[in-house]
Amino acid sequence: MLAERAVYAELVAQGVRTGEACRLVGVSPRTGYRWRQEAAAAAAVAAAGPLPVVVSARYLSQDERVVIADRLRAGVSQSAIAAELGRPRSTVSREIARNQDPAGGGYQPFAAQQRAERRRPRPKPRKLAGNPALRDLVQELLASRHSPRQISARLRRDFPDRNELRVSHETIYQALYVQGRGALRRELAAALRTGRAVRRPRTTGTRPSRFTAPMLMISDRPAEADDRAIPGHWEGDLIIGKDGRSAIGTLVERATRYVLLVHLGTRGRSAETVRDALLDTVATLPQHLKRSLTWDQGAEMALHHQFTLAANMPVFFCDPHSPWQRGSNENTNGLLRQYFPKGTNLAGHTPEHLAAVAAELNSRPRQTLGWDTPAERLAQFLTTN
């Protein structure tokens with residue numbers, strides 16, 4: 001149809017009457033008059049001033065919109081139109097829904113092109129910048145330490161009939177991280193729990209392993225470790241001292257919450273040091289209490305395979321950025337900061353002091369254990385098994 005339309009336009013430009021031009025091209029007079037009207041409309045649009053040029057092939061062109069209009073008038077389905085244009089069907093259906101005549105005049109290609117061009121300019125005005133009432137509400141909730149996601153959900157619940165007071169959490173993040181600059185960015189970012197002035201992107205794809213030996217992931221861990229029914233499954237981690245130069249190893253038994261502290265002293269936290277210190281610590285345990293150890297993917301466990309062979313105790317690794325998979329250990333590390341504050345040198349604590357701290361933790365009654373202490377619960381397991 002595009003070739004016939006071009007021939008028709010050339011004949012009309014040469015002064016050939018519409019009826020004769022239609023006969024020569026092989027279309028009906030009605031089609032010829034419609035083409036002529038659309039050409040006049042296009043000329044009027046052009047006279048009104050230049051429109052932004054489409055710079056990406058992902059946008060529908062004017063010629064494609066002409067094809068859509070012609071095929072719709074011919075009764076062709078949207079799927080067939082999309083196949084002819086080499087576009088997804090959703091693109092065609094969305095184009096028709098968004099750019100058809102709002103007065104009910106059907107789909108007019110040149111008017112549709114004009115609507116699309118006017119809608120396309122960037123950047124668009126920010127929602128929060130153009131709505132003072134919404135902006136004030138968001139600022140008030142940020143000041144109360146609400147997260148952007150909580151703000152978005154709360155506004156939707158509190159103002160169900162006022163669409164102008166709804167905003168997505170992504171829009172709030174964009175306002176904080178993109179629109180804010182300099183001191184303003186620091187002031188706005190302080191309202192977030194993280195306090196970060198720069199957004200941290202989530203990684204995509206598979207993270208390459210930092211270990212040479214294959215890892216056993218937490219998904220491979222026995223089911224008995226998950227339900228905490230059988231003792232002997234441990235979670236481990238390091239608490240780090242000032243400037244990252246000292247550390248203490250922590251082991252927590254999942255079923256009883258029993259704690260062992262691993263002395264590293266002045267030796268640092270290299271893979272060799274952590275391997276040897278863990279072997280010394282678990283050597284005090286009977287074999288039936290050495291069923292597994294779960295750790296994060298820290299470099300200190302690069303020699304996990306050597307520890308497994310020497311201790312006869314498999315090591316399972318958590319997924320990246322998933323501390324909740326070692327929930328008991330994370331909770332215990334928080335308790336230990338009462339004894340070993342952040343920003344202090346941990347190398348000066350003796351093995352005897354670490355044992356005393358562990359004994360004190362193991363003598364605390366725990367609600368999750370029915371107010372038994374970890375030491376009492378471990379003793380029950382040992383005497384009944």
Pick from 350, 383, 308, 344: which is among the polar types (S, T, N, Q), under 19 Å from residue 228 (Cα atoms) and out of contact with any Phe, Trp or Tyr (no Cβ under 7 Å at 6 or more places or on another chain)?
383
May I ask you to say which residue of 281, 266, 294 is crowded, with 17+ Cβ neighbours inside 10 Å, in contact (Cβ under 8 Å) with a residue 40 or more places away in the chain, not in a loop (DSSP other than H, G, I, E, B) and not hydrophobic (A, V, I, L, M, F, W, C)?
294
Helices (runs of 4 or more DSSP H) wholly inside segment 66-158 that include at least 2 residues being in the same structural domain as residue 31 (by TED's automatic domain parsing) and polar (S, T, N, Q)
78-85, 89-99, 109-119
Given (1) surrounded by fewer than 16 Cβ atoms within 10 Å (Cβ to Cβ); (2) touching a residue at least 60 places away in the same chain (Cβ under 8 Å), index of the condition residue 374 fails:
(1)
Number of the condition not met by residue 287 [criteria: (1) touching a residue at least 40 places away in the same chain (Cβ under 8 Å); (2) surrounded by fewer than 15 Cβ atoms within 10 Å (Cβ to Cβ); (3) over 21 Å from residue 354 (Cα atoms)]:
(1)
Of the residues 229, 197, 213, 223, which is farther than 26 Å from residue 277 by Cβ, in contact with a helix residue (DSSP H, G or I) (Cβ under 6 Å, 6 or more places away or on another chain) and either modelled with pLDDT under 90 or among the small types (Gly, Ala, Ser) (or both)?
197
Taking the condition loosely packed, with under 14 Cβ neighbours inside 10 Å and either assigned by TED's automatic domain parsing to the domain that holds residue 259 or in contact (Cβ under 8 Å) with a residue 24 or more places away in the chain (or both), does residue 359 pass?
yes
Odd one out for residue 365 among (1) in contact (Cβ under 8 Å) with a residue 60 or more places away in the chain; (2) exposed (fewer than 14 other Cβ atoms within 10 Å of the Cβ)
(1)
Report yes if some residue within segment 305-313 is among the polar types (S, T, N, Q) and touching a helix residue (DSSP H, G or I) at 6+ places or on another chain (Cβ under 8 Å); otherwise report no.
yes
With (1) in a loop (DSSP other than H, G, I, E, B); (2) modelled with pLDDT of 90 or more as the list, and residue 59 as the residue in question, which single condition is left unmet?
(2)
Given the conditions (1) within 35 Å of the chain's Cα centre (by Cα); (2) part of a loop (DSSP other than H, G, I, E, B); (3) among the polar types (S, T, N, Q), every one holds for residue 333 apart from (2)
For segment 225-248, name all the residues that are surrounded by fewer than 20 Cβ atoms within 10 Å (Cβ to Cβ) and under 21 Å from residue 376 (Cα atoms).
227, 228, 229, 230
State yes or no: is residue 272 part of a helix (DSSP H, G or I), touching a residue at least 24 places away in the same chain (Cβ under 8 Å) and surrounded by fewer than 21 Cβ atoms within 10 Å (Cβ to Cβ)?
yes
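The values are calculated or read from the model by the stated rules, or taken from the named source; none is laboratory data. Values in this document were obtained by computation on a predicted structure and should not be read as measured data. Cβ atoms come from the backbone with ideal geometry, glycine included; neighbour counts cover every protein chain shown.
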